[in-house]
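Presented below is the structure to which this report refers.
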Amino acid sequence: MEVKHLKEALAAFAFAAEPIAYKRCDSGLINDTYFVHCGEGMSGYILQRVNTSVFTEPEKLMKNVRGVCSHVAGKIAESGGDVHRMVRTVIPAKDGKDYFCDSDGGFWRAFLEIPGVVSYEYSADPCIHYKSAVAFGRFFNQLSDYPAETLYETIPDFHNSEKRMADFKKAVEADSVGRASEMKSEIEFALSKAPLCSFIRDGLRSGAFRVCVTHNDTKLGNVLMDEKTGDGVCIIDLDNVMPGSVLYDFGDAVRCGASSAPEDETDLSRVSFELDLFEIYVKGFVGELKDSLTKEEILSLPMGAYLMTLETGIRFLGDYLNGDVYYQIKYPEHNRDRARNQLKLIADMDRKMPEMEKIVKKYI
Ligand code: GN1
Ligand code: MG
């Protein structure tokens, strides 16, 4: 992306004043994000270029985002909360649209920045994990009466683990950049888990698990936390809000939150699945949702964590085999390292599954 396009976008949105500075945000594997500064004492903004290879119908995506934000804002207003702090505020372009297309067709959108918050890609602090679990549980509740049928499916089959495994097998067979031999043991390990990939799908098909509106990208970095109290303030990254299972949101949060290391830690001796953090997530998440979760869903939370981790592992590995066409990478083997990291968590969960099952039974 050229600076020229960023400058066009900076000039296109209805910010309170003309931007005077911007800074690229380092996190996020899909979209390009910038912090926009408009001067002392002025509101700050988030400016994002949406990755339209991943989100192919960004106008429909923005309709989802608007709908979800105004629904959640309604809930926050009812409970006396601050609607500009506890949910994303979409900033329109000067022409009134909620997006801007630059001269190269790049698709941009903007949000109000929320002051006094922090977010973590990784943390070892149990308190932070508890508060993040509560925040994701609360968000799930706020969307429990959202009309799911009005949501456009931004990425069809996003958490369809059967389809993710089928795509992974295709990447292995194609071996388009000749990396499969280097990854032989990881590939064999991942493929051996294929029979488990139907677990959530089977539950949704049989009706054992409900179809709900889910966030679908519940990693720790997607909760903004108050920098003084540490409380979860706002759930961000609403691009994948779609109908799904509660196991997706719990599982993806745990994938990231119950790991002893960041998702791309390369020293695998440091990567383990932490049962005490898992329990903290169960406590925080189930505590928020208590009456709305079915017994089958609670009992299946360990498999939710397992499958969301496996799915992420095979997506990273598949992308490495495909020649790094999907995720942004910071160095050539980044996807390989991310994949090894996630598969290490899976191997650890294989050993700890009986303990995980024991933990969730306490919360029925
Ligand atoms: C991507 O939006 P971002 O960069 O936080 C990905 C998630 C993965 C995550 C792994 C649309 O999330 O599914 O879990 O990377 N989002 C998409 O860090 O593919
Ligand atoms: Mg995302």
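The values are calculated or read from the model by the stated rules, or taken from the named source; none is laboratory data. The model shown is predicted, which means the values in this text are computed figures rather than measured ones. Positions of Cβ are generated from backbone atoms using ideal geometry, with glycine treated the same way; all protein chains shown enter the neighbour counts. To get the accessible areas, we keep the full protein, side chains included, count just its heavy atoms, and leave off ligands, DNA and RNA. Shrake-Rupley method; radii C 1.70, N 1.55, O 1.52, S 1.80 Å.
Hey, what do the phi angles of segment 147-158 turn into as Karplus ³J(HN,Hα) couplings, whole Hz, using 6.51/-1.76/1.60 and θ = phi - 60°, x for Gly and Pro?
Running phi through 6.51 cos²θ - 1.76 cosθ + 1.60 with θ = phi - 60° gives x, 4, 5, 8, 7, 7, 7, 5, 9, x, 6, 4 Hz.
Tell me, what % of the accessible area of segment 283-364 is carbon and sulfur with a 1.4 angstrom probe?
That share works out to 51 percent.
Could you tell me whether segment 160-279 comes out rounded, prolate or oblate from its Cα gyration tensor? Rule is a ≥ b ≥ c as square roots of the eigenvalues, rounded for a/c under 1.5, then prolate if a/b exceeds b/c, otherwise oblate. Can you show the working numbers first?
On the way: a/c = 1.98, a/b = 1.29, b/c = 1.54.
Because a/c hits 1.5 or more and a/b fails to exceed b/c, segment 160-279 counts as oblate.
Can you give me the orientation-averaged projected area of the convex hull built on the Cα atoms of segment 257-352, in nm²?
For segment 257-352, averaging the hull's shadow over all directions gives 6.9 nm².
Distance between Cα centroids, segment 154-188 to segment 210-265: provide it in whole Å.
A separation of 24 Å, based on Cα centres.
Please work out how much length the chain gains when fully extended from Asp104 to Arg24, using 0.36 nm per residue of separation minus the C-alpha to C-alpha distance, in nm with one decimal. Intermediate results must be reported in sequence, preceding the final value.
Working: separation 80, 0.36 × 80 = 28.80 nm, distance 1.97 nm.
Separation in residues times 0.36 nm, less the Cα-Cα distance, equals 26.8 nm.
Counting only residues 5 or more places away or on other chains, whose amide H sits under 5 Å from the amide H of Met242 once H atoms are built in the peptide plane?
Thr214
What is the gain in length, in nm to one decimal, between Leu191 and Ala347 on full extension, counting 0.36 nm per residue of separation less the C-alpha to C-alpha distance? Before the final figure, lay out each step's value.
Working: separation 156, 0.36 × 156 = 56.16 nm, distance 1.30 nm.
So the extension gain works out to 54.9 nm.
Can you list residues from other chains, or at least 5 along the same chain, whose modelled amide H is less than 5 Å from the amide H of Phe13?
Those qualifying (amide H under 5 Å, at least 5 residues apart or on another chain) are Lys94.
How much of the accessible area of segment 83-198, in percent, comes from carbon and sulfur atoms when a 1.4 Å probe is used?
Exposed carbon and sulfur together represent 56 percent of the surface.
So, for segment 26-163, what is the accessible surface per residue at a probe of 1.4 Å, expressed in square angstrom?
Numbers: 6270 Å² over 138 residues.
The answer is 45 Å² per residue.
So how strong a dipole does segment 109-178 carry about its Cα centre when Lys and Arg Cβ are +1 and Asp and Glu Cβ are -1, to the nearest 20 debye?
On the way: 7 positive and 11 negative charges, 28 e Å.
Approximately 140 debye in magnitude.
Filter the cross-link list Lys193/Lys358; Lys63/Lys228; Lys60/Lys295; Lys75/Lys131 down to pairs whose alpha-carbon distance in this structure exceeds 24 Å.
Among Lys193/Lys358; Lys63/Lys228; Lys60/Lys295; Lys75/Lys131, the Cα-Cα distance tops 24 Å for Lys63/Lys228; Lys60/Lys295.
Apply the Karplus curve 6.51 cos²θ - 1.76 cosθ + 1.60, θ = phi - 60°, to the phi angles in segment 47-58 and return the couplings in whole Hz, x for Gly and Pro.
10, 10, 9, 6, 6, 7, 6, 8, 9, 7, 10, x
Less than 19 Å apart at the alpha-carbon level, and either on another chain or at least 8 residues along: which aspartates and glutamates does that give for Lys94?
Correct list for Lys94: Glu8, Glu18, Glu59, Asp102, Asp104, Glu113.
Explain nothing, just compute: Karplus ³J(HN,Hα) = 6.51 cos²θ - 1.76 cosθ + 1.60, θ = phi - 60°, for every residue of segment 110-120 in order, whole Hz, x for Gly and Pro.
Each residue's phi maps through the Karplus curve to give 9, 10, 6, 7, 9, x, x, 10, 10, 9, 10 Hz.
Under a GNM of the chain (C-alpha, springs under 10 Å), which listed residue has the highest mean-square fluctuation: Ala133, Ala190, Ala166?
Judging by the Gaussian network model, the answer is Ala166.
Farthest toward the dipole's positive end in segment 150-245, which of Thr150, Val211, Leu196, given Cβ charges of +1 (Lys, Arg) and -1 (Asp, Glu) about the Cα centre?
Going by the charge dipole, the pick is Leu196.
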